[in-house]
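Chemist: Would you mind keeping the following structure in view while I ask a few things?
Read-outs throughout are calculated quantities, based only on the coordinates presented, and are distinct from any laboratory measurement. Owing to the predicted nature of the structure, the values given are computational and were not obtained by experimental measurement. Every residue, glycine among them, receives a Cβ derived from its backbone with ideal geometry; neighbour counts consider all protein chains shown.
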Amino acid sequence: MITLEQLALLLLNIISQVLNCIPSPHKRGQMLALAQRHLRPRGLLFLMIPRSCMENSTYYSFDTLTFCLANIGMTVVETKLSPKVAFFCAQRESTDLKCS
């Protein structure tokens, strides 16, 4: 029997130009972990981040974001760069977090 909690899990979660507004790397990681928890297994997380935030930050980079996503049980399946925005599509691989 499917529980109400299982029904509430999302197939797709979109975070558009919000992650870059979170003031600390720790809180950004917490936000990603919460987004992951709202996804069904194999669900997708779609992130849009201003490209300037990715390229001009000492804390942000494509590698660090990919690493953080992997640590919460997600795999980056596609990325795209526009002149102003970096797009990431990541898939939830498991229900267990590797870190909290």
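Chemist: What residues have an amide H closer than 5 Å to that of residue 10, excluding those fewer than 5 places away on the same chain, when H is modeled at 1.01 Å from N in the peptide plane?
Modeler: Residues meeting the amide H criterion: 39, 40.
Chemist: Using 0.36 nm per residue of separation minus the Cα-Cα distance, give me the extension gain between residue 42 and residue 80 in nm, one decimal.
Modeler: Here the answer is 11.6 nm.
Chemist: Something else: Show that you can apply the helix-only estimate: for the chain, add -39,500 (n - 2.57) for every DSSP H stretch of four or more residues, divide by all residues, and state [θ] at 222 nm to the nearest 500.
Modeler: Using -39500 (n - 2.57) per qualifying helix, the result is -9000 deg cm²/dmol.
Chemist: What's the ranking of 32-39, 53-60, 12-19 by average number of surrounding C-beta atoms within 10 Å, highest first?
Modeler: Taking the mean over residues of other Cβ atoms within 10 Å, the ranking is 32-39, 12-19, 53-60.
Chemist: At 7 Å along Cα-to-Cβ for each site, give me the label-to-label distance between residue 66 and residue 27 in nm.
Modeler: It works out to 2.8 nm between the two label points.
Chemist: Let me ask something else about it. Mind checking the full-extension length gain between residue 55 and residue 18? Use 0.36 nm per residue of separation minus the Cα-Cα distance, one decimal, nm.
Modeler: Details: separation 37, 0.36 × 37 = 13.32 nm, distance 1.64 nm.
Full extension of this stretch gives 11.7 nm more.
Chemist: Any idea what angle helix 25-37 forms with the longest principal axis of the chain, computed on alpha-carbon atoms, 0 to 90 degrees, nearest 10?
Modeler: Result, in degrees: 30.
Chemist: Taking amide hydrogens as modeled 1.01 Å from N in the peptide plane, which residues meet the under 5 Å criterion relative to residue 43, leaving out close sequence neighbours?
Modeler: 92
Chemist: For the chain, count all C-alpha to C-alpha pairs, find those more than 15 Å apart, and express that count as a whole percent of the total.
Modeler: Of all Cα-Cα pairs in the chain, 60 percent lie more than 15 Å apart.
Chemist: When you count, for each residue, the other Cβ atoms within 10 Å and take the mean per peptide, how do 62-71, 83-92 rank with the highest first?
Modeler: 83-92, 62-71
Chemist: Quick one: of the DSSP bridges fully inside the chain, what percent are antiparallel, nearest 5?
Modeler: The antiparallel proportion sits near 70 percent.
Chemist: For the chain, what's the relative contact order in percent, using C-alpha pairs closer than 8 Å and at least 6 residues apart?
Modeler: 29
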